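Since every read-out is calculated from the coordinates, none of them should be taken as a lab result. Here the structure is a predicted model, which means the values were calculated and not measured. Neighbour counts run over all protein chains shown; Cβ positions are idealised from the backbone, glycine included.
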Amino acid sequence: MSGSDHAQLHALVDGQVQGVGYRYFVKNTADALALTGWVRNKWDGRVEVLAEGPREALEQLLEKLRRGPSSAFVSDVKIDWNPSSGAYTRFNVAPSE
């Protein structure tokens, strides 16, 4: 499933992003964009996202990550771009770290 236009986005989202439906907002967005990977809460209050798919779809996801659902407040999103691993078949909410 890896192609030249496919990439991996790794994001750490800071702000009021736990306990506000943020992970399910990310999952629904990723599903709508046909992305694979996962989202999870981190012990330090951030949310971590690892998503793979077409770069254009990942850019759309990143826009949504920066906004979040109306119940959240996003103060920062740190991102890394990597080559797609092709290791995921769907997008999941992973157990918290």
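Of the residues making up region 13-53, those that are among the polar types (S, T, N, Q) and free of Cβ contacts under 8 Å to residues at least 12 places away in the same chain number 1.
The number of residues in region 54-92 that are free of Cβ contacts under 8 Å to residues at least 24 places away in the same chain and within 14 Å of the chain's Cα centre (by Cα) comes to 4.
Residue count for region 52-86, restricted to those that are of a type in the set (G, A, S) and under 15 Å from V39 (Cα atoms): 2. Specify which of the listed residues (A51, A57, A34, A30) is aliphatic (A, V, I, L, M), over 14 Å from A94 (Cβ atoms) and touching a Gly at 6+ places or on another chain (Cβ under 8 Å). Exactly one of A51, A57, A34, A30 is aliphatic (A, V, I, L, M), over 14 Å from A94 (Cβ atoms) and touching a Gly at 6+ places or on another chain (Cβ under 8 Å), namely A34.
Taking the criterion of being of a type outside the set (F, W, Y) and more than 20 Å from G45 (Cα to Cα), the residues of region 60-91 that qualify are Q60, L61, E63, N82, P83, S84, S85, G86, A87, T89, R90.
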